[in-house]
């Protein structure tokens, strides 16, 4: 006889020291908050949304921004700003509809799929923001560097005369590296947070996927 | 949510709480973690309860939510030391009708089941709960054929764990 079937025969009559909960205890449990990963995904998403929104607002009100508005021209500046916030609102909508789809009543595999989908939305959100910051940052530097009084002053120094182009490229390169480092750091933080949170889920999802092959 | 709904839910949960205990016992190794998981399952069940329309039996619905919580949503606390509490691993039955040798076999087998991965445990659990392959496949979201194939592999794996 199959060994598992022997266990099955005795399965229903198993006992343990685990105390059964009384109705009152069970009622008490209902008031408790979830500590599951979906709740954490939600909290992290809120932090991500607000973080980038705050970064956007800060840069909007800084002094330097007034300069860039003049240099870029109002239509281009406000156009990009409006587009940026429309995209963010779209992401919030996408996240919310994904989040609503997470239901524990689904089959295990589709539940895992919807959780991973929510995570993917946040990944794209991060990528969008990093690329946005990078592109905008590079355009700004390209426009600002030749117009910055300090840079202009430096260019007039005897050492720089004749090497203007090289200097411009050097400034541009430094800005690029700073932005790149910023992006890499943010990406690593992102990987770390989600890696810790979803490691077990991903392993189980892959296990289920392997079964289907 | 209304008091009546709450009472109704607690009554059903109370009658079926053994299912949740069995899952907790399978997925955790100490009493603290057991209670942790039990609490999370309860919270998830209660949250999903308004959507439960009674199309299926309460217990059937419960299997799905409880297993999903154990496999997918629950975060094992990594702070605790991963020692196997031998007492909780042991398999016990109500009447000791079985002879000692058989009991030893059962304990050994239960220990082997606990060594399986999360997905395998879920399949074995549903199998032990006398669910047919269609129900197992539906709960996990895989095809019936694959559930059957996987179950056979798990049986081989269990035999290998017991008789290395």
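Read-outs: derived from the displayed coordinates by stated rules, not from any lab. What you are looking at is a predicted structure, and each value in this text was computed from that prediction instead of being measured. We place every Cβ from the backbone using ideal geometry, glycine too, and count neighbours over all the protein chains shown.
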Inter-label distance, nm, simple model (7 Å from Cα along the C-beta direction), residue B:8/residue A:203: 4.1 nm
Unit Cα scatterers, Debye sum, the range B:1-48: log10 I(q)/I(0) for q = 0.20, 0.22, 0.26, 0.33 Å⁻¹: -0.67, -0.77, -0.95, -1.21
Binned Cα-Cα distances of the range A:122-213, short to long, each 5 Å bin given as a whole percent: 3, 11, 15, 13, 11, 10, 9, 7, 6, 5, 4, 3, 2, 1, 0
Contour minus Cα-Cα distance for residue A:117 and residue A:50 (0.36 nm per residue): 22.1 nm
Degrees, to the nearest 10: A:63-72 long Cα axis against longest axis of chain A: 70 degrees
Peptide B:35-47, shielding by other chains (average Cβ, 10 Å cutoff): 5
Folded to 0 to 90 degrees: helix A:37-61 orientation relative to chain A principal axis, Cα: 10 degrees
Number of partner chain Cβ atoms within 10 Å, mean per residue of A:19-31: 6
Highest-first arrangement of A:167-173, B:23-29, where packing means the average Cβ count within 10 Å: B:23-29, A:167-173
Mean separation of Cα contacts under 8 Å (6+ apart) over length of chain B, as relative contact order %: 20 percent
Which of B:75, B:53 has the fewest Cβ neighbours within 10 Å, and the rest in rising order: B:53, B:75
Spin-label pair residue B:102/residue A:192, simplified geometry with 7 Å Cα→Cβ offset, distance in nm: 5.6 nm
Over the protein assembly as shown: Rg over Rh, Cα atoms, Kirkwood Rh: 1.16
Neighbouring partner chain Cβ atoms per residue of A:201-210, average, 10 Å criterion: 4
Förster radius 30 Å - calculated FRET efficiency between residue A:6 and residue B:55, Cβ distance, rounded to 0.05: 0.30
Computed helical MRE - 222 nm, chain A, DSSP H runs ≥ 4 contributing -39500 (n - 2.57), nearest 500: -28000 deg cm²/dmol
Between 0 and 90°, nearest 10: helix B:100-114 axis offset from chain B longest Cα axis: 60 degrees
Stokes-Einstein D (µm²/s) once Rh is taken as the Kirkwood radius of chain A over alpha-carbon pairs, at 4 °C in 1.567 mPa s: 58 µm²/s
Calculated diffusion of chain B, Stokes-Einstein form, Kirkwood radius summed over Cα pairs, 25 °C and 0.890 mPa s, µm²/s: 142 µm²/s
Residue-span extension gain [residue A:180 to residue A:168] - 0.36 nm each, minus C-alpha spacing: 2.5 nm
Footprinting exposure proxy for A:77, B:63 (fewest neighbouring C-beta atoms within 10 Å first): A:77, B:63
Where labels lie 7 Å past Cα in the beta-carbon direction, separation of residue B:153 and residue A:128 in nm: 3.9 nm
Relative contact order of chain A, pairs being alpha-carbon contacts under 8 Å that are 6 or more residues apart, as %: 20 percent
Sequence of B:46, A:124 once ranked by neighbouring C-beta atoms within 10 Å, starting from the fewest: A:124, B:46
GNM top mover of A:119, A:109, A:150 - chain A, alpha-carbon springs below 10 Å: A:150
